Amino acid sequence: MTTPQAPSTPDQTWGAAPAPGTPPRPAWSPGKKIAAGAVAVAIVAGGGAAIWAASSSSASTESATGPGGMQGGPGGMTGGSGGLASALHGEYVASDGNGGYVTKITQTGEVTALSATSLTAKSEDGFSKTYTITSDQATGLATGDTVTVVATESGDTATATSVSDGATGGQGQPPGGGQGTPPTQTG
């Protein structure tokens, strides 16, 4: 017994006209057209949002910023309005130089208590913190002075690595610019 074979059809090439006798493909329904349009709009909108987000990030070319958006280059804390130089107080994590990390604190405020081993500063917003200092760091300071303190925090203890007389960090340096040096006496 033999099986009937289907009539042979020539190979179709993509985009070629349909073979003679082939029924035409049905057109997309209005629902399919709307769905396809909605998908296209979503793709375009998502791409546009991604481009906008990338171009609006803090990596602006209008200001010279270093790693982490800090102005003044690596380790720099300078900056105009809104830069870290105008910060009242804050906390950040830095490398300890040995593959680990250390929590640092910076604060600008008025000295409310002072001894040879500790300093308490109070910022304009009411934040107050006591720091362990050296007698060299206390030299030339008095209660009521404005200081900028950079300290390393370990547990509940904040040990000052830099105490600078004045809100600008002393001698035009950014906060922490003269780490470990005693404050300067201004005139």
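The values are calculated or read from the model by the stated rules, or taken from the named source; none is laboratory data. Predicted model, so just to flag it, every value in this text is computed and none were measured. Please note: Cβ atoms are built from the backbone with ideal geometry, for glycine as well, and neighbour counts cover all protein chains shown.
Table: residues versus (1) modelled with pLDDT under 60; (2) assigned to a loop (DSSP other than H, G, I, E, B); (3) hydrophobic (A, V, I, L, M, F, W, C).
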residue	(1), (2), (3)
T3	no, yes, no
A16	no, yes, yes
K32	no, no, no
A35	no, no, yes
G46	no, no, no
I51	no, no, yes
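Just to check your reading of the model, which residue among G82, G76 is modelled with pLDDT under 85, buried (at least 17 other Cβ atoms within 10 Å of the Cβ) and outside any strand (DSSP E or B)? Break it down stepwise before answering.
Values: G82 fails: buried (at least 17 other Cβ atoms within 10 Å of the Cβ).
Among G82, G76, only G76 is modelled with pLDDT under 85, buried (at least 17 other Cβ atoms within 10 Å of the Cβ) and outside any strand (DSSP E or B).
The set of residues from the stretch 85-137 being part of a strand (DSSP E or B) and of a type in the set (S, T, N, Q) comprises S95, T103, T106, Q107, T108, T112, S118, T120, S128, T130, T132.
Among the listed residues T106, T152, T161, T132, identify the single one that is more than 25 Å from the chain's Cα centre (by Cα) and surrounded by fewer than 23 Cβ atoms within 10 Å (Cβ to Cβ). Break it down into steps so the answer makes sense when it comes.
Values: T106 fails: more than 25 Å from the chain's Cα centre (by Cα); T152 fails: more than 25 Å from the chain's Cα centre (by Cα); T161 fails: more than 25 Å from the chain's Cα centre (by Cα).
Residue meeting the stated conditions: T132.
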